[in-house]
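In what follows, a single structure is set out as structure tokens and then discussed.
The values are calculated or read from the model by the stated rules, or taken from the named source; none is laboratory data. Treat the numbers as computed from the prediction; the structure is a model and nothing was measured. Neighbour counts run over all protein chains shown; Cβ positions are idealised from the backbone, glycine included. Please note that ligands, DNA and RNA were not included when accessible areas were found on the heavy atoms of the full protein model with its side chains. Shrake-Rupley method; radii C 1.70, N 1.55, O 1.52, S 1.80 Å.
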Amino acid sequence: MPVETLTVPESARGRLGRFAFALAETLISTVVIIVLLQTFVGRTYAVEQTSMQPTLEPAQRLLIDRLTPRFDPYKPGDIIVFDAPALAEQSEPLIKRVIALEGSLVEIYDGRVHVDGVALDEPYTFGDDTTQPTTEQDAWLVPPGQLFVLGDHRAVSVDSRTFGPISVSSVIGRAWLRFLPLEDAALLTADGVDP
């Protein structure tokens, strides 16, 4: 003869406890995933400066890629976000364009930037502005492990002309997508912005 089992209805308190546990587990997992993504993959950045006009405007939001620079080194034309050097006299991260890599000779004369003796073609710069030194120095040999960076709006940019080359270790990541406002959304490439 089969034995009948008696089922006791689950109490509301037991259901609430399981729901609270599942909710806490989901929230903790979400926080861990967000922290891991922001630490190793990417993060957002709000443009607050005018030094990258016309490529980037204040109040635009970017996605910063922290992952690919681990296996795809920075190259001239990349737009990067980095911790501000002491000579920049500000604490917020800066955003600039990579102009030259370690071992390159950067010279500024005749209103243009020259890297290893070749004048750069820079269609991304602001208006008809020429590039002028901002201190008495007009030539830099980029040391190992460093990058020479400039803003696209040279007349207002505080960049390597002022504080010298920056350490690759100070770079937070490479800007790769402008996503807000939506009408300005575009991929950012080493040549400027994709159409």
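Under 10 Å from the Cβ of D138, count the other residues' Cβ atoms, weight Lys and Arg +1, Asp and Glu -1, and hand me the total.
Values: positive: R161; negative: E107, E136.
Once all neighbours under 10 Å are counted, the net charge is -1.
Once you have a ≥ b ≥ c as the square roots of the Cα gyration tensor eigenvalues for region 84-150, tell me rounded if a/c is under 1.5, and otherwise prolate or oblate according to whether a/b is larger than b/c. It is oblate, given that a/c is not under 1.5 and a/b is not larger than b/c. Over region 82-195, accessible surface divided per residue gives 50 Å², non-protein components excluded, 1.4 Å probe. Across region 52-184, Cα-Cα pairs more than 25 Å apart make up 21 percent of the total.
In this calculation the C-beta distance from R112 to A84 is compared with R0 = 25 Å, giving a FRET efficiency of 0.45. A simple spin-label model places the labels of T162 and R43 2.2 nm from each other, with each point 7 Å out along Cα-to-Cβ. Between G77 and V98, I99, the built amide H atoms are under 5 Å apart, and every one of these is 5 or more places off in sequence or on another chain. Selection among H114, L94, T134 by position relative to the dipole of region 81-139 gives L94 as farthest towards the positive end (Cβ unit charges, Cα centre).
Electrostatic bookkeeping for Q53 treats Lys and Arg as +1 and Asp and Glu as -1; over the other residues with beta carbon under 15 Å from its beta carbon, the sum is -4. Determine the shape class of region 47-98: with a ≥ b ≥ c the square roots of the Cα gyration tensor eigenvalues, call it rounded for a/c under 1.5, and otherwise prolate if a/b is greater than b/c, oblate otherwise. Oblate, because a/c is 1.5 or more while a/b does not exceed b/c. An ellipsoid equivalent to region 136-186, defined through the eigenvalues of its Cα gyration tensor, has semi-axes of 27, 16, 7 Å when rounded to whole angstrom and sorted largest first. Surface calculation, 1.4 Å probe, protein heavy atoms: L67 sits at approximately 70 Å² accessible.
Basic side chains Lys and Arg get +1 at the Cβ, acidic Asp and Glu get -1 at the Cβ, and with that the dipole of region 45-116 about its Cα centre reaches some 220 debye.
Each residue of region 128-137 is assigned a 3J(HN,Hα), and the resulting list reads 9, 4, 9, 9, 10, x, 9, 9, 6, 7 Hz, derived from the Karplus form 6.51 cos²θ - 1.76 cosθ + 1.60 (θ = phi - 60°), x at Gly and Pro.
Where Lys and Arg each count +1 and Asp and Glu each count -1, what net charge lies around V149 among other residues with Cβ under 15 Å from its Cβ? It would help to have the intermediate numbers written out before the result.
Working: positive: K75, K96, R97, R154, R161, R174; negative: D78, D83, E102, E122, D152, D159.
Overall, the nearby charge balance is 0.
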